[in-house]
Each structure stands twice: as C-alpha cells, then as structure tokens.
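To start, the structure under review is shown below, and the notes come after it.
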Amino acid sequence: MIIDLKRFIQSREFDWRQLEDFLDRARAGGIAHLSLKETERFNLLYRTVSSDLNRLQTFSTDPDLVSYLESLVSRAFTQMYQVRRARQERGWRRLWTGFPQAFRRHVRMFYLSAAVTLAGAAFGGLAVVLDPPAKSALIGFGHLQGRPEDRVAAEERSVDARYPLGRHAAFSTFLMTHNIKVSVFALALGFTFGVGTLCILFYNGVILGAVAADYLSAGVGRFLLGWLLPHGSIEIPAILIAGQAGFLIARCILERDPRLARLDRLRRQGPDLILLIGGICAMLVWAGFVESFLSQTHEPVLTYATKISIGVVEFAALVSYLTLAGRR
C-alpha cells in the first residue's frame, strides 16, 4: 500500500519522464526507429509505468496524477500496437509479392516438378487403359476402387447427405492440414538429393492419371472435372510448387561451387524457401475449404458446368498472380 505518496512520486518520476521523452521522440518517427537497446528500455518502461498506474488507481486519491499516467500508458500502448500492426502489414505485403517473385526466380525447378508429375500421370493413365485390373494396385483410396459410374450415381442420389453442414468445417480442416503435411514432406525430401521429392511427385502423378483415365473411359468426365477442378486448380499447383522447393534444396546440396559451402548455399536460398512454404500453405488452406464446401456438392444441387467454371476462373487467377504479382 502507498503510504507516502510524495516519496513514491520522487522514486518513480524519473521513469515516467523517460517514457514521456521516448513518446515525444516517437511522435516524429515512431518507435520503430529506436535502437534495439532503446526499444527494450521502452518496453520495460511501459510495463513498469502500467504497474505504477495500477497501484495509484488502487491506493491513491490524486486524480491528476492518475490521469497523467493513464495518458502515458495509453500513448505507449498506441505506439506499440501501431508498430506491431505495421510489421504485420509489411509481412503480408512481403508474402503477397515475395511469393510469386520467389516462384519466378526458380521457375525451372517448377517445370521439373511439373514434368515429373506429368510423367507419372501418363504412366498411371496408360496402365489403367491397357490393364484395367491394375487400378486396384495404383489407386490406394477405397472410395475410388469401384466403378466410376456407380460412384457418380450414388453421389448424385445422396446429394450432400454425406457431409452435413456441421461436419464441413471439420472435413475442411482435415484436408488443409493433410495437404500441407504432404507438401512440406515433398519439400523436405529435397534433402534426399531430390530423390524423395521425385518419387512422391511421380506417385501423385500416377494416382492422378489413373483416376482420370478410369473416369474418362467410363464416360463420366463431366463429373470428374466438376469434382476435381474447384480445388485441384489450386491444390495441384501447390503440390508442384512444394516439389519445386524440394528440387531447389536438392540443387543447393548437389551443385559444386568452391566459393560457397553447402550450408551457405542453403542459407542463401532460405528466404525464398520460406516464401514458397508460406504461399503453399495459403493455397492449400483455400483448396481445403473449397474441396469441403464446393467440390463435394454435386448435381442437382450445383451443376457441373458451374463447378468447372469456378475451377477455370481460380486457375486463371492463380496463373495471373504467379506471373504478374510483384513485377516492377
């Protein structure tokens, strides 16, 4: 309890005046321009003056002093919040423009990722066309093992009963986290000199090609496009970009450069890898949301033409973003 208010003021006034001085300096340029040591001191002063204010509000009857400290604490909080918000805005702007810039800087790795996936898709498609029983070995998902036309009929009969409204959010979250894990895994396998990344991309391509051949040969291509395009137009490129990042890691490990050690080469590409991971995660969050709430809704609730159009628009927007955003 504060018994001697005068003595308390004398012991604490120096910190109050110092915080006030910091705030006056920040009025011109903001606390972001303070040095690291000054910023640490500012943060400490904010906490201690806040504590002083709390003690005075509890045990003092001097309204002028309380009002003065309330003003200091309020101004300090505003400065800290503005800096935090500005940093967050800069972070989002950097991701928004930095992600496509990093993508374009290493676009050859993306072409390699796409080529490996297309090779796998060609293999899977030919295998199913030439040897239909091979489908059971190539496609590891139980709900894709039956006849495509039977699945389409069942989906259209059940409308949207499989995923009641209350379960959409949980299913969406599962898809997001699963796809992010798979993509980060493909990226991390770049440390296997790219062999692991190549294998996972090829296998994903095999599954994609086998499913496409199976549904197209059954004459239900409209269902396939309506089911796959809304989320696949974002999800598949995201996985390809994850492969791109994995191959970038592999190149850093494999290339011979006497001027830079292997670890230094990885550090040099670190910022681009972080940007690619951030972009991949954002894309897969969107794809998971779309797959849960849109891709799983079929005719007669939502026409296939509408779903296909949405997927085409999404893909066109993504291509425009990756090729144009961040250009000067």
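The values are calculated or read from the model by the stated rules, or taken from the named source; none is laboratory data. This structure is a prediction, so every number in the text was calculated from the model and none was measured. Backbone-built Cβ (ideal geometry, glycine too); neighbour counts: all protein chains shown.
Miscellaneous remarks
- Complete set of residues in the stretch 248-267 that are modelled with pLDDT under 85 and assigned to a helix (DSSP H, G or I): Arg262, Leu263, Asp264, Arg265, Leu266, Arg267
- Residue within the stretch 208-216 that is among the hydrophobic types (A, V, I, L, M, F, W, C), over 26 Å from Met109 (Cβ atoms) and surrounded by fewer than 18 Cβ atoms within 10 Å (Cβ to Cβ) present: yes
- Matching entry among Glu70, Glu20, Glu40 (being in a helix (DSSP H, G or I) and at pLDDT below 80): Glu40
- Annotation note: Cβ proximity below 7 Å between a residue of the stretch 212-229 that is farther than 17 Å from Ala122 by Cβ and a residue that is buried (at least 21 other Cβ atoms within 10 Å of the Cβ) and modelled with pLDDT of 90 or more (sequence gap 6+ or interchain) occurs for Gly226/Lys307; Leu229/Lys307; Leu229/Gly311.
- Among the residues of the stretch 233-246, just one is surrounded by fewer than 24 Cβ atoms within 10 Å (Cβ to Cβ) and farther than 14 Å from Ile180 by Cα, namely Ser233.
- Total residues in the stretch 73-92 satisfying the condition of being charged (D, E, K, R) and at pLDDT 70 or above: the figure is 1.
- The residues of the stretch 318-328 that are out of contact with any Ser or Thr (no Cβ under 9 Å at 6 or more places or on another chain) and either assigned to a helix (DSSP H, G or I) or farther than 27 Å from Val107 by Cα (or both), listed by number, are Val319, Ser320, Tyr321, Leu322, Thr323, Leu324.
- The residue pairs whose first member lies in the stretch 234-250 and is under 9 Å from Phe110 (Cβ atoms), whose second member is in a helix (DSSP H, G or I) and among the small types (Gly, Ala, Ser), and whose beta carbons are closer than 6 Å, counting only pairs six or more residues apart or on different chains, are Leu240/Ser113; Leu240/Ala114; Gly243/Ser113; Gly243/Ala186; Gln244/Ser113.
- Unique residue being among the β-branched types (Val, Ile, Thr), at pLDDT 80 or above and closer than 18 Å to Ala245 by Cβ when the list is Ile274, Ile310: Ile274
- Residue ranges of helices (runs of 4 or more DSSP H) in the stretch 119-206 with at least 3 members at pLDDT below 80 and surrounded by fewer than 14 Cβ atoms within 10 Å (Cβ to Cβ): 148-158, 165-188
- Val206 vs. criteria touching a Gly at 6+ places or on another chain (Cβ under 6 Å), more than 19 Å from Val312 (Cα to Cα) and in the same structural domain as Ala250 (by TED's automatic domain parsing): yes
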